[in-house]
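Read through the structure below, which is laid out as structure tokens, and then see the notes.
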Amino acid sequence: MQKRFEGSADIRPWLAGAMVFVTLALVGALANPYLISLMTIVLLFTFLGQSWNLMLGIGGQLSIGHALFVGLGAYSVAVLEVKYGISPWIGLLLGMFLAGSVGAALAWLSFRFEVRGIYFALLTIAAAEFARIMFSGWEFVGAMQGLFFPAPTNAIEFSMLRGDARFYYFVALALAALGIVGTELISRSYLGYVWRAMRDDEQAARALGVRTFRHKILVIAISAATAAVGGGILALVQGSIFPDSIMGMGLSVDVLIGPVVGGLGTTFGPLVGSLAAIPLNHLMSALGDSLRIPGLNNIAYGVVLVLVVWFLPDGIWPAMVRLCKAIQLPSRVWLPQPRKAEE
Amino acid sequence: MTALLEVKNLSKSFGGLVAVNNVSFALQAGRITALIGPNGAGKTTCFNLVAGAMQPTSGEVLFEGRPIENTPPELVCRMGIARTFQIVRPMRDMSVLENAMVGAFSWTRNVSEARSTAYESLESVGLAGKANARTDQLTLPDRKMLETAKALSTRPKLLLLDEVMAGLRPTEAASVVRVLQGLAEAGLTILLVEHVMRIVMEVASRVVVLHHGARIAEGSPGEVAADPRVLESYLGTGFHA
């Protein structure tokens, strides 16, 4: 009877996930350049959403200033490559270290002085805006003029993470897969249990021996470091970075759209949410241009988001899961069932 | 016999209100001690002081001879004191078993070890059959027992139970009493905060009575029930046993 809990690792979600990624890999091999560049952004924001989702969906800590960490990663890669010709791999490591440290320091300061919940979220906005303004005036990192990577060549150079659009598509795909597998592994480890307990009720978690102070710092540092990796790749894909776009409030919001629409705290939510929201935004943007209605994309985007949050407050992914279960259920009436294990 | 927990001259005031006033008592290892008193007597405050959720204004709490009154709750738990909450606090999207697993992560990082410990805790409170249920499907008595199972998974030496029987029907309370007796027989020390006198008389081997924050009586259930000051605090003056 106890065996039911021991070796019952369900491989079906992994299989489903693997199929999704095989499909996405085929998309990369076959699709046209426009679709490829759109999907690259979708996958990058899946990864960024995953990092944000880890922090709020599992760790219970709200960040509305994730652009800070994304920007630190992007600038680490850009400054090292553009100014010194150093490989982006080193830049990614530096970005992870910087963003992780800044995240940990911000969390430490905040929780040390009992600033928590929504007030911590406000602090993340303040920190991101502070960084944006600082980088806007800092000549060394290009100030408002930003930084431009060397003109792209079509030769693929793995050591410099340089290549064509298709190359970046596969980099983003690998990153998204890494993010999803990583989130799943973390949520099945002791960290996942401890963090979810802390998210649901901090006092109750502490009474069960969870050292919430250090776990909050840890989850924020990990989330920040992963966001920096996403930021570094985003910078390479865009070929240039500017403080207003890579560290602005707009980016912070873009990061959280995927997990909120897709399903907070779920493993596949950020992917599903990004798949739904980003193409919609681009579509409406194109439609707005052709109809000469500037801003149509923002309006449509807003309306759709309100509708999703109104009708599917848990997000799209949990609704899909419920739908699948509902479709399976009636079949149980007439299909022979294996005898249920005794309760 | 040594005292596992010793409370010495403990006081706590909130502004001008003295919730706990110079209370002392000691818990003998392997026994069930009850802390009783009418509503507002300071039982729960006293309990929170021991569990590290509040810091006393003055006085000492010694666990195995070491002072713990300024220790945060998570470290108090790691030293071997587990508590439950009066208002049950299950984690919402986790199963009953997963809820019980969280406590085990205070001493292990191994998920399957935590799982089997959690399962044992559920077994000892009679919830093993509902291990895979969601917590919102549990009845109130089951939720109270889940709170106890969560606490047991931390492998405590001392278990603090805050009104685990409040709101239960007599038959439900009787099964809780059997669970607690089983735990005490297995060597666990229990401090029970309760205001249902009858149950306390049945289960506790020692009773501490608080009234207006002060200790007014301490002894075996029989002695306490015969104490005129205790009767007075519960029923008012003029009543006699």
Hey, got the average number of other protein chain Cβ atoms within 10 angstrom for residues in B:155-163?
0
Given all pairs of different Cα atoms, what value in angstroms does the Kirkwood hydrodynamic radius of region A:10-249 take?
18.6
Can you tell me how much longer the chain between residue B:60 and residue B:18 gets when fully stretched, taken as 0.36 nm per residue apart minus their C-alpha distance, in nm with one decimal?
13.5 nm
Whole-percent pair-distance distribution, where bins are 5 Å wide, for the alpha carbons of region B:33-83
5, 22, 29, 24, 15, 5, 1
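Two decimals, Cα atoms only, Kirkwood Rh: what is Rg/Rh over chain B?
Details: Rg = 17.7 Å, Rh = 18.3 Å.
Result for chain B is an Rg/Rh of 0.97.
Give the order of B:224, A:304 when sorted by the count of other beta carbons within 10 angstrom, beginning with the fewest. Intermediate results must be reported in sequence, preceding the final value.
On the way: B:224 24, A:304 16.
Ranking B:224, A:304 by Cβ neighbours within 10 Å, fewest first, gives A:304, B:224.
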Roughly how tilted is helix B:140-153, in degrees to the nearest 10 and between 0 and 90, from the longest Cα axis of chain B?
80
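What number results when the radius of gyration of the protein assembly as shown, computed over Cα atoms, is divided by 2.2 N^0.38 Å?
Details: Rg = 28.9 Å, N = 584, 2.2 N^0.38 = 24.8 Å.
Against the compact-globule rule of thumb, the ratio is 1.17.
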Percent of C-alpha pairs per 5 Å bin, region B:114-222, short to long:
2, 11, 22, 23, 19, 12, 6, 3, 1, 0
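With both partners inside chain B, how many of the DSSP beta bridges are antiparallel, as a percent to the nearest 5? Show your work: numbers first, answer last.
Numbers: 21 of 38 bridges.
Counting DSSP beta bridges with both partners in chain B, the antiparallel share is about 55 percent.
Just order A:289-298, A:131-140, B:91-100, A:225-234 by mean Cβ neighbour count inside 10 Å, highest at the front, would you?
A:225-234, B:91-100, A:131-140, A:289-298
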In what order do B:145, A:160 fall by count of nearby beta-carbon atoms within 10 Å, going from fewest to most?
A:160, B:145
How many angstrom lie between the C-alpha centres of region B:26-80 and region B:115-155?
24
Take chain A, connect every pair of alpha-carbon atoms lying under 10 Å apart with a spring to form a Gaussian network, then pick out the residue of A:150, A:270, A:88 with the largest mean-square fluctuation.
A:150
Suppose every K and R has +1 on its Cβ and every D and E has -1 on its Cβ; what is the size of the dipole of the protein assembly as shown about the Cα centre, in Debye to the nearest 20?
540
Given H placed 1.01 Å from N in the peptide plane, which residues other than close sequence neighbours of residue B:35 have an amide H under 5 Å from its amide H?
B:192, B:193, B:194, B:208
Helix-only [θ]222 nm of chain A, DSSP H runs n ≥ 4, -39500 (n - 2.57) each, per residue, nearest 500:
-23000 deg cm²/dmol
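Within 10 Å of each Cβ in B:98-111, how many Cβ atoms from other chains are there, averaged over the peptide? Show your work: numbers first, answer last.
Numbers: counts 5, 6, 1, 6, 12, 6, 4, 10, 5, 1, 1, 4, 2, 5.
Partner Cβ neighbours, averaged per residue: 5.
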Just the Cα atoms of region B:62-173, one point each, no solvent: what log10 I(q)/I(0) does Debye give at q = 0.10, 0.15, 0.17, 0.21 Å⁻¹?
-0.29, -0.63, -0.79, -1.12
Angle between the Cα long axis of helix A:67-78 and the longest principal axis of chain A, 0 to 90 degrees, nearest 10?
50
Report the percentage of all Cα-Cα pairs in region A:161-317 whose separation exceeds 24 Å, rounded to a whole percent.
47
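Over chain A, what is the relative contact order in percent, taking alpha-carbon pairs closer than 8 angstrom and at least six residues apart?
Details: 518 pairs, mean separation 96.8, N = 343.
Here the relative contact order equals 28 percent.
If you add up the charges near residue A:253, with Lys and Arg at +1 and Asp and Glu at -1, over every other residue whose beta carbon is less than 15 angstrom from its beta carbon, what do you get?
On the way: positive: A:132; negative: A:129, A:244, A:254.
So the environment of residue A:253 carries a net charge of -2.
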Overall dimensions of region A:197-263 by Cα: Rg and Dmax, Å
16.2, 50
Ranked list, fewest to most other Cβ atoms within 10 Å of each Cβ, for B:36, A:156, B:199, A:125:
A:156, A:125, B:199, B:36
Pop out the ³J(HN,Hα) list for region A:42-56 in order, Karplus 6.51 cos²θ - 1.76 cosθ + 1.60 with θ = phi - 60°, rounded to Hz; leave Gly and Pro as x.
4, 5, 5, 6, 4, 5, 5, x, 4, 5, 5, 5, 4, 6, 8
Based on the alpha carbons, how large is the Rg to Rh ratio for region A:21-73 when Rh follows Kirkwood?
1.12
Along the Cα-to-C-beta direction of residue A:34, a point sits 7 Å from the Cα; which residues of region A:246-285 have their amide N less than 13 Å from that point?
A:282-285
Residue-count net charge about residue B:226 - beta-carbon cut-off 14 Å; Lys, Arg +1, Asp, Glu -1
-3
Mind listing the long-range amide H neighbours of residue B:19? Cut-off is under 5 Å, sequence gap 5 or more, other chains count too, H placed in the peptide plane at 1.01 Å from N.
B:12, B:13, B:14
Going 7 Å from the Cα of residue B:137 along its beta-carbon direction, which residues of region B:88-115 have the amide nitrogen within less than 12 Å of the resulting point?
B:95-97
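Which number comes out as Rg/Rh for region A:1-141 once both Rg and the Kirkwood Rh are worked out on C-alpha atoms?
Numbers: Rg = 19.7 Å, Rh = 18.3 Å.
Reported Rg/Rh (Cα atoms, Kirkwood Rh): 1.08.
Here, each number is a calculation from the coordinates, and none is a lab measurement. Note that this is a predicted model, so its numbers are computed, not measured. Note: ideal-geometry Cβ built from the backbone for every residue, glycine included; neighbour counts use all protein chains shown.
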